[in-house]
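Everything below concerns the one structure shown next.
Values in this text are rule-based calculations from the coordinates and carry no lab data. Because the structure is predicted, anything quoted here is derived from the model rather than measured. So basically every Cβ, Gly included, is an ideal-geometry build from the backbone, and we count neighbours across all protein chains shown.
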Amino acid sequence: MSEVVDAQRRDLAISVLGGPTTVIDIAGRRIVMDPTFDPPGPHDYLDKLTGPAVSADALGQVDVVLVSHDQHPDNLDNAGRRLAEAAPLIVTNPGAAGRFGPPAVGLQPWQSYYLPGGPGRIAAQAVPAVHGPADGMRDMEGHVNCEVTGFVLYGPNLPTIYLSGDNASLSAVAEVADRIGDIDIAVLFAGAASVPAKERGRPLTLTSARAAAAAEVLGAKVVIPAHVDGWAHFSEGPGEFAAAFDQAGIKRVLRTATHGEWIDLKD
């Protein structure tokens, strides 16, 4: 029977709470990726359709918050920012770390940071992400849309977990596969996010078909979709995601649950 996320820790489990917001219990830590806990409604130029399946308060103590980027409200909203700033540690990209201030740690691609607390060793490694098409307009630092990082979590006797963040690039995924090797669990942000004013309305995140291709490139044994619903600018949803994996013949790797319920990943 599925169980709803609460303050009780799991040995090894992941839950998507809605939008990109993902809870990972691993190595004695509770990690939250891209927290968004505001109610539905307008958020700057984006429209949030559904609230989180679980409240921020229900999570209890959070050890680490991973922030792929802090500049878009669908990945970090007001309530999500409050949760992040109350956590003992934020791991993010260098630009966002500068805006947060301590205790945020900014990692360049391929840098790792060992996460405090818990009984076992686990590190978060920053990996490349491109938040739009390869030929997209780049800022002064060379980023499309804004600076974004993905993450890989790894440690002794632990599965390797890839969290894509808002990435549209299969080249970035191939770099991860080349540098790190096969990924045990991939949380892929997809949804083919699209904003008419940006990049001629072309996808700013993985399409469902490209997510399936990414899973194959990574050799992922388990794939969990995130960032596929809850916001009006997501142009593809869970149905398209599942269909794309079926078309590719890899639907067996998909693991999903109702938002806010655990996906238990213990062997």
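For segment 10-125, the equivalent ellipsoid derived from the alpha-carbon gyration tensor has semi-axes of 23, 18, 11 Å in decreasing order. Please give me, ordered by residue number, the GluC sites (Glu not before Pro) of segment 68-161 that lie in loop per DSSP and have at most 13 other Cβ atoms within 10 Å. Passing both the DSSP loop test and the Cβ count: Glu141. One quarter of the convex hull surface built on the alpha carbon atoms of segment 126-189 amounts to 4.3 nm², the projected area averaged over directions. Normalised Debye scattering of segment 187-267 at q = 0.10, 0.22 Å⁻¹ gives log10 I(q)/I(0) of -0.24, -1.00, counting only Cα atoms as equal scatterers and leaving out solvent. For segment 174-239 versus segment 29-98, the inter-centroid distance based on Cα atoms is 19 Å.
Most simply put, segment 12-261 has about 60% antiparallel DSSP beta bridges, counting only bridges with both residues inside it. Averaging the sequence gap over all C-alpha pairs within less than 8 Å and six or more residues apart, then dividing by the number of residues, gives the chain a relative contact order of 19 percent. Starting from a Cα-only point model with no solvent, please compute log10 I(q)/I(0) by Debye for segment 12-261 at q = 0.11, 0.12 1/Å. Ignoring solvent entirely, the Cα scatterers give -0.50, -0.61.
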